[in-house]
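Everything below concerns the one structure shown next.
The values are calculated or read from the model by the stated rules, or taken from the named source; none is laboratory data. Just so it is clear, the model here is predicted, and its values are computed rather than measured. Here Cβ is always computed from backbone atoms with ideal geometry, including for glycine, and neighbour counts include all displayed protein chains. Only protein heavy atoms, including side chains, enter the accessible area calculation; ligands, DNA and RNA are left aside. Shrake-Rupley method; radii C 1.70, N 1.55, O 1.52, S 1.80 Å.
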Amino acid sequence: MMEDVFASLAPARRRLVLSVLALLCGAILVGTGIAVARTVTGGAASPAPVANHQPGPVLLVPGYGGSVTSLQVLARKLIAAGRHAEVVSLPDDGTGDLRSQAQALASAAKAAAAREHADSVDVVGYSAGGVVARLWAHDYGGNRLARRIVTLGAPQHGTELASLGAALSIACPTACQQLAVSSTLLAGLNAKPETAAGPQYVSIWTTKDEIVVPPDSARLDGGLNLTVQSVCASSSVQHSGLPTDPLIQAMVLTELGSGAPVALTPADCARLSR
């Protein structure tokens, strides 16, 4: 029947109809190709969480200023418990761009996983190192490699001390400016989901923190949030003592265990304080 219709058309009209049909077919094929491409190559799926029973090496990320002394104490504690642990060396003594520090963590994490033949790593970020760990997870592929990210007294939403230093231009290098409460870097980071899909997060902080002001700047939506005092109410540990305090070291070891993160309570105080 279609042939009869075409045969009844004048030659010029027939050519016009055939041209229109060709264009329509081309459009349909292109549209189909786009739809298939979107189905096959659409937005990257969130990485599946790494198996909890397969903990890999632990990387410890220093805070502002890059001092490794206190984290080496925590690293020795982890090593004594049978974990491979190393402190990451940060560029510019930990005072430069936090994004560059996150890239340094990315390189260190890949190297540690390869060296230990591990599928994943755990990260402990102290103070600004906790912000670095989160930048790594969000922007530098850390969410595909990290099993767990534990932060200690991390100014995830900034600290008023950095804000004051930035406002008064008092020896406030790039990292200091980025840790101000209203910094562009933190605004961008906190506009995303605060915990990138993939790793499990635990944020530990002390209500006695005199450096991260307010102390609950360390709180992370989507993570397990623990104050030291919610476990042992009598603890008076301050910011600088977080990596070396025996109670907090025991908390870190617990949260880096082969099971899921543990919601510690006062019932755990005596056991963890031994």
A correct Karplus calculation of ³J(HN,Hα) over region 264-274, with 6.51 cos²θ - 1.76 cosθ + 1.60, θ = phi - 60°, whole Hz and x for Gly and Pro, returns 5, 9, x, 5, 8, 4, 4, 4, 6, 8, 5
Across 5 Å bins beginning at 0, the whole-percent shares of Cα-Cα pair distances in region 133-191 come to 4, 19, 23, 21, 17, 10, 4, 2
The correct ranking of Asp97, Asp139, Asp92 by accessible area at 1.4 Å, largest first, is Asp92, Asp139, Asp97
With all protein chains present and a 1.4 Å probe, the order of Thr254, Thr244 from largest accessible area down is Thr244, Thr254
Averaged per residue, the 1.4 Å probe accessible area of region 55-164, protein heavy atoms only, in Å², is roughly 35
Taking R0 as 30 Å and r as the Cβ-Cβ distance between Ala197 and Ala263, the FRET efficiency 1/(1 + (r/R0)^6), rounded to the nearest 0.05, comes to 0.90
Heavy-atom accessible area of Leu164, protein chains in place, probe 1.4 angstrom, given in Å² to nearest 10, is 100
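What is the packing order of peptides 107-120, 205-218, taking the mean over residues of other C-beta atoms within 10 Å and listing the highest first?
205-218, 107-120
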Taking R0 as 30 Å and r as the Cβ-Cβ distance between Ala270 and Ala80, the FRET efficiency 1/(1 + (r/R0)^6), rounded to the nearest 0.05, comes to 0.90
Counting only residues 5 or more apart in sequence or on a different chain, those whose built amide H sits under 5 Å from that of Gln200 are Arg148, Ile149
Calc'd 3J(HN,Hα), region 166-172, phi into Karplus 6.51 cos²θ - 1.76 cosθ + 1.60 (θ = phi - 60°), Hz, glycine/Pro = x, comes to 5, 5, 9, 6, 9, 6, 10
The simple spin-label model distance between Ser89 and Glu160, using points 7 Å out along Cα→Cβ, in nm, is 3.8
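For Ser273, Ser240, Ser70, write out the residues from largest to smallest accessible area, computed with a 1.4 angstrom probe and no ligands counted.
Ser240, Ser273, Ser70
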Residue-ordered couplings for region 76-85, obtained by feeding phi - 60° into the Karplus form 6.51 cos²θ - 1.76 cosθ + 1.60 and rounding to whole Hz (Gly and Pro as x), are 5, 5, 5, 5, 4, 8, x, 9, 7, 9
Rounded to the nearest 10 Å², the 1.4 Å probe accessible area of Thr265 is 60
